[in-house]
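Step one of this worksheet: look at the structure below.
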Amino acid sequence: MPASLGYDAAMQRSGSTIPPAGRQLDPAEQAALEAEMEAIVVGSHLFKSLEVEGRRRLLESGFVLCFDPGDILVREGDLGDMMYLISDGSVRIETRTPTGTLQLAELGRGACLGEVAVLTGSPRTATVTALTPVTAVAFTRRRVHAMLDAHPRVRHVLETLVEGRARDTLDKILGG
């Protein structure tokens, strides 16, 4: 099971809590978490076009999840209510085909995943499994859409990413 290292900062101004223990982060832990989230967002191809205020709002809407090796972050066919930016670790992305399971990619730090379902509202198109311990910044569908509405350039980058992944997946399924 993933362990949450923080909740939506805009909704919980008293600081992040680490469930299930319920321990509130101390100021140094909170500052380190915020610095790591900012580094991953600033370094992300998807969000680098955001101005300072847009990044601040995005960071306030994100929270951190940790996964152990073998944990499933995203399951093919499920409804997608979150997308993730990998802060640390690596994941394997697979999809089902008529002949079995096809590995699509292995992704690591800075990679975005879960964006197709969040953007389109369609079920998840692949299963994402942690290969190593993974730390990811998560964003809910509602927050992503609010950010995309306010920043059309980011919407364009995300749509281009989704289209590219769809082409890549189709090529792999067809054996090209």
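Structure above, values below:
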quantity: Subset of the stretch 33-64 that is surrounded by fewer than 16 Cβ atoms within 10 Å (Cβ to Cβ) and closer than 13 Å to Cys112 by Cβ - its residue that is modelled with the highest pLDDT; calculated: Gly43
quantity: Those strands (runs of 3 or more DSSP E) lying entirely in the stretch 63-158 with at least 1 residues acidic (Asp, Glu) and under 26 Å from Gly175 (Cβ atoms); calculated: 91-97, 100-107
quantity: Of all residues in the stretch 109-122 being farther than 24 Å from Asp68 by Cβ and either in contact with a Cys (Cβ under 6 Å, 6 or more places away or on another chain) or not small (Gly, Ala, Ser) (or both), the one that is surrounded by the most Cβ atoms within 10 Å (Cβ to Cβ); calculated: Val116
quantity: Matching option when the condition is surrounded by fewer than 14 Cβ atoms within 10 Å (Cβ to Cβ) and β-branched (Val, Ile, Thr), among Thr101, Thr129, Thr140, Thr125; calculated: Thr101
quantity: Neighbours by Cβ (under 8 Å, 6+ apart or cross-chain): first from the stretch 100-117, of a type in the set (A, V, I, L, M, F, W, C); second part of a strand (DSSP E or B) and loosely packed, with under 15 Cβ neighbours inside 10 Å; calculated: Leu102/Arg96
quantity: Selection count, the stretch 89-98, where residues are touching a residue at least 60 places away in the same chain (Cβ under 8 Å) and surrounded by 15 or more Cβ atoms within 10 Å (Cβ to Cβ); calculated: 1
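The values are calculated or read from the model by the stated rules, or taken from the named source; none is laboratory data. Quick caveat: nothing in here was measured; it's all calculated off a predicted structure. Positions of Cβ are generated from backbone atoms using ideal geometry, with glycine treated the same way; all protein chains shown enter the neighbour counts.
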